[in-house]
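**Q** To start, I am sharing the structure in question, which I have written as C-alpha cells.
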C-alpha cells in the first residue's frame with residue numbers, strides 16, 4: 001500500500017532534495033490511498049465527514065425502511081437500539097441517532113437529497129456504497145423477513161447508489177443467504193446448507209475452485225476492518241462488517257470441505 005509513497009519520496013529527493021522528498025511522499029501517499037480505498041478516500045482529513053454522512057444516511061434510511069410497510073415493529077425499534085448500543089454512543093449522540101431514525105420514518109421524508117449527499121461525500125470510495133446497501137439489507141432483516149414494501153425501497157436505494165436491478169438482486173440474495181450462517185462461528189453446518197453457501201458467495205456449484213476462492217477473497221477484502229475505516233466507516237460500525245465476514249467464512253469453509261470430499265468437482 002505504501003509503494004508510491006516511498007517511490008514518490010525517492011524521486012522527489014533525486015530532483016529537489018529534501019523538499020522534493022516531502023512533496024513526493026504526500027503525492028505518493030495520495031496515490032496509494034486512491035488505489036486502496038478509491039478516489040473519495042485520498043484525503044484522510046475528510047474521514048470525519050464521511051463517518052458523519054454515513055451514520056446520518058444509515059439511520060435516516062433505517063427509519064424509512066422501518067416505516068415502509070406502514071408501521072414500525074417492536075423488533076425494528078429494538079434492533080435500532082441495539083445498533084446504537086454497538087456504536088457506544090453517548091447519551092447526546094444516542095438522541096441524535098434516534099432523531100435521525102424518526103426523521104427518516106416521517107411520511108414526508110425524501111431519500112433523494114440524503115442519498116445525493118452520501119454519493120457526493122462517500123460515492124467515490126471503493127466499498128462504502130456497497131457496505132451501506134448491505135447494512136440496510138441486514139437492518140431490514142431484523143424482524144426475520146423482508147416484505148415487498150421494504151424490498152421495493154431497497155431496490156430504489158440501490159438504483160440511486162448506481163446499482164442495476166440485476167446487481168441489486170444478486171446482492172440481496174447473497175446477504176439473505178449469508179444470514180443463514182449467522183452465529184455458526186466455527187461450528188459445523190449441515191450439508192443441506194451447501195446450496196445456500198454457494199449463493200452467499202455469489203457463485204454456483206459449477207464454479208471452479210479458483211472462481212470460488214476469488215469470490216471469497218473479494219468479499220473478505222470488502223469487509224476488511226482497516227480498509228473500511230480507511231474509507232471512512234465509523235470504527236464502531238466495523239462490528240457489523242465483522243459479522244458479515246464471519247458468515248462468509250463459514251459458508252466458504254462448508255464449500256471447501258464439500259469439495260475436498262468430492263475430488264474432481
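**Q** If we scan the range 231-246, do we find a residue that is more than 21 Å from residue 125 (Cα to Cα), at pLDDT 80 or above and either in the same structural domain as residue 132 (by TED's automatic domain parsing) or in a loop (DSSP other than H, G, I, E, B) (or both)?
**A** yes
Rundown of residues vs (1) in the same structural domain as residue 61 (by TED's automatic domain parsing); (2) assigned to a helix (DSSP H, G or I); (3) more than 14 Å from the chain's Cα centre (by Cα), yes/no style:
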| site | (1), (2), (3) |
| --- | --- |
| 131 | yes, yes, no |
| 139 | yes, yes, no |
| 142 | yes, yes, yes |
| 146 | yes, no, yes |
| 150 | yes, yes, yes |
| 156 | yes, yes, yes |
| 166 | yes, yes, yes |
| 179 | yes, yes, yes |
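The values are calculated or read from the model by the stated rules, or taken from the named source; none is laboratory data. As the structure is a computational prediction, the values presented were derived from the model and not from experiment.
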